[in-house]
1. Go through segment A:379-433 and give me each residue that's among the β-branched types (Val, Ile, Thr), in contact (Cβ under 8 Å) with a residue 24 or more places away in the chain and closer than 18 Å to A:ILE353 by Cα.
2. Condition (residue is within 24 Å of B:TYR121 (Cβ to Cβ) and of a type outside the set (Ser, Thr, Tyr)) applied to segment B:162-170: is it met by at least one residue?
3. I'd like to verify a number: residues in segment A:410-424 that are part of a loop (DSSP other than H, G, I, E, B) and either among the basic types (Lys, Arg) or at negative phi (or both), how many?
4. Counting just the residues of segment A:131-157 that are free of Cβ contacts under 8 Å to residues at least 40 places away in the same chain and touching a strand residue (DSSP E or B) at 6+ places or on another chain (Cβ under 8 Å), which one comes out nearest to the other protein chains (Cβ to nearest Cβ)?
5. Under 9 Å between Cβ atoms, at least 6 apart or on separate chains: pull out the pairs that start in segment B:279-304 with a residue that is at the interface with chain A (Cβ under 7 Å from one of its Cβ atoms) and closer than 20 Å to B:ILE214 by Cβ and end on any residue that is at pLDDT 95 or above and outside any helix (DSSP H, G or I).
6. Which of the residues belonging to segment A:204-213 are within 7 Å of chain B (Cβ to nearest Cβ) and aromatic (Phe, Trp, Tyr)?
7. Can you find, within segment B:224-278, the residue that is surrounded by the fewest Cβ atoms within 10 Å (Cβ to Cβ) among those that are in contact with a helix residue (DSSP H, G or I) (Cβ under 9 Å, 6 or more places away or on another chain) and aromatic (Phe, Trp, Tyr)?
8. So which of B:GLU216, B:GLU222, B:GLU235, B:GLU178 is in contact (Cβ under 8 Å) with a residue 24 or more places away in the chain, away from chain A (no Cβ under 11 Å) and among the charged types (D, E, K, R)?
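The values are calculated or read from the model by the stated rules, or taken from the named source; none is laboratory data. This one's a predicted model, so the numbers in the text were calculated from it and none came from an experiment. Cβ placement follows ideal geometry from the backbone for every residue including glycine, while neighbour counts extend to all protein chains displayed.
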There are 2 protein chains.
Amino acid sequence: MGFEVLLEKIAANKEVIGIMGLGYVGLPLAVAFAGKGVHVLGFEKSEKKVENLINGKNYIADVSGEDLASVIGSGTFTATTDFSRICECDAILICVPTPLDKFKKPDMSYIKSACEEIAKYMKKGTFIALESTTYPTTTENFMLPIIESKAGMKHGKDFWLAYSPERVDPGNKTYKTENTPKVFGAMTEEGKQIGLAIYQKAIQYVYPVSSPRIAEMVKILENTYRLINISMINELALLCGKMDIDIWEVIEAAKTKPYGFHAFYPGPGIGGHCIPLDPFYLEYIAKNYQFDLTMIHTAGHIDMLMPHRMTIKITSALNKHSKSLNGAKVMFLGVAYKPDINDERESPALKIIDEVVKKGAVVFYHDPFIPSVTTESGLELKSSDYRLISEMDVVVVTTKHSSFSGDDIVENSKLVVDLTNITNKKASNIYKL
Amino acid sequence: MGFEVLLEKIAANKEVIGIMGLGYVGLPLAVAFAGKGVHVLGFEKSEKKVENLINGKNYIADVSGEDLASVIGSGTFTATTDFSRICECDAILICVPTPLDKFKKPDMSYIKSACEEIAKYMKKGTFIALESTTYPTTTENFMLPIIESKAGMKHGKDFWLAYSPERVDPGNKTYKTENTPKVFGAMTEEGKQIGLAIYQKAIQYVYPVSSPRIAEMVKILENTYRLINISMINELALLCGKMDIDIWEVIEAAKTKPYGFHAFYPGPGIGGHCIPLDPFYLEYIAKNYQFDLTMIHTAGHIDMLMPHRMTIKITSALNKHSKSLNGAKVMFLGVAYKPDINDERESPALKIIDEVVKKGAVVFYHDPFIPSVTTESGLELKSSDYRLISEMDVVVVTTKHSSFSGDDIVENSKLVVDLTNITNKKASNIYKL
């Protein structure tokens, strides 16, 4: 199928969009397209997820269960584990994970596997866009050769490749898939026209850039900005602790500057699936250009040590009350990586838990969003009753869920280590970051 | 004079405010107070400045000559080199320089000297506030002991000490002294009440914090934020150059993210009297707390190397045209540290000039705001005619003054090294940062 034929098909709303990976990026995207009447076929390796979806059952907090049931019911959206059905699709949007391995190196296996599946089954005239965060040049230098060689097809003639980063911010009540501007970079003018025609159906504002590598870099810049600023304020918070300066009061005052300042807040570390990962994709590829990214490296170092430093803070607080960490009962309030979400990926709380357990603490946690967790070291814990805080030697506030009350925590705890400023006051039994 | 007496005097508008240091901070502040009918006595060591002021002559770009002439004419504001007149003042606001020495160590001599002059001459019941940027704890641990011991007076009884950072942004057309919110931290409740009563006469919004060290830290946080973000984007720009990615296009696209991103732009380095200095005050005092500020250190390292890296960029551009830097005619456009101001302090352009001259280049510059400059190495240059660009081997754009035209520069130059994206396009004779 040629370029004009595909454009006409899109204009007539007869195209089928395949979405690979139905997680927190792919599923909202699938529902957004299907909600506009576009036929969407979701590909997912997990049989359980596919079964849920076919039965109209939602598993992503940012997706409305009603919207999902509606597009499943109407048949506009369906999901499958059968990747051979890629041949039915006119466009494939890839939303697979791009994790780091244990040594902080990019794990490209999901993208590679997606490219191989696509190359195996796609028909001629397919548009392909990657949405997963990855290092610049991935689309052009990593994906293109795999697809061309495995499919025996030629880019620009038989298929079109592009990159458009997801900008999902879990829990954001204002900006969802549809109304978050979307950056989009294709390899050719034809690819650009096709991609725009497709994305503009579901996304209110699509911003084209001149190449995939520009779009790849955009996403990394956004999250590198966050990484270095959070790391900077965390480092300053640690210094402020030593200088008897309340960093939280400093930040509130700095915010009165009406230009040129953007407040970031300290915390027990950096969590989630973006900020602790994305910049290190760039650091990785930079080496290939004989280039050290010193800011990212330094930020990563601060971040890596935060859980340990928080353990020291807990130990110091207990020590002032003549208690050792060894044998102490410690309750963590909040294990989600940010407030009011049910996601504990890369959460610093879990890393602190692992370290204090290793040092002999008896650990409990309470999180209204997360009933059970498994830490990196394999420790399995269930969320305890909040009221147990009064029986603890120390209560550590690691996530500022809006249902938590600083006053109540302080009133009912012997000792509070507040890493979130939820207490927002001074008292002899409060130790703040 | 006791606390209540001073407050009453302020309420009756009968107080005299002394301002020490009549530079780009002190003079606008003096004119702001005097403009509200408050009697201001300015102290300045430079006889030439005092003579100018007494004759109603302005020398600071952000001060309106009319406003100055008016307050001098009415006698509300006068200036003197006679520091014994400190005894006439009810309040002293210190606006002296706080430079770094050649080894990037804080030079506290101006603050020390100001404290000594004040201690020598002040009457009992004087309010003293420091406005100069400095490391946290300066007011409490550095100034207080000097004043108490030299004056033989007791803080809280005989005088009150506070800190309130200047937030002057030279060239800012919207935010001036009067309408920029002012953070203010006193050592005692009485000092707070006096300081608020005074500052609120000239400043629309005064934001009190609980101590001088909080206020000291606020100013450093604001400029550290800028330092690390500019350094980060400069480092990414260098990498992007190697990866064939236009960093400027990346930034414009990242700006479409409607939350959580603040754009900073790369350039030839960091200049001015705040960003290259303030964070290093904090780095200095941190050592005293056995603390390394790794983010500031890394940013400082990037910044330190930028002029050298820009020299390499110029060399590479010339090399592609088979020219060596040695013997090349090089014109720098803009030596001010930011657009549309007449200030070249810490300007990276001057550092690049020094380096390329050392390597044998024949250097010219043109800057409509700065008729002549002296570089760090002592080289004296006068601004050349802009039209000389056509005779140069390379034209380096170092400041994006709004009177410069990217198109005109490209049209009339053999080769352009554009460190500001003023050209905003690709061409065979343009090398961008």
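1. Result: A:ILE389, A:VAL394, A:VAL395, A:VAL396, A:VAL397, A:THR398, A:THR399, A:VAL417, A:THR420.
2. Checked segment B:162-170: at least one residue is within 24 Å of B:TYR121 (Cβ to Cβ) and of a type outside the set (Ser, Thr, Tyr).
3. In the first step, residues of segment A:410-424 are kept if they are part of a loop (DSSP other than H, G, I, E, B); the result is A:413-415, A:419-424.
Right, trim to either among the basic types (Lys, Arg) or at negative phi (or both) and you get A:413-415, A:419-420, A:422-423.
The qualifying residues number 7.
4. Going through the qualifying residues, I end up with A:MET143.
5. B:ALA286/B:TYR135; B:ALA286/B:ASP292; B:ALA286/B:LEU293
6. Of everything in segment A:204-213, just one residue is within 7 Å of chain B (Cβ to nearest Cβ) and aromatic (Phe, Trp, Tyr), namely A:TYR207.
7. Looking at residues that are in contact with a helix residue (DSSP H, G or I) (Cβ under 9 Å, 6 or more places away or on another chain) and aromatic (Phe, Trp, Tyr), I get B:TYR265.
8. B:GLU178
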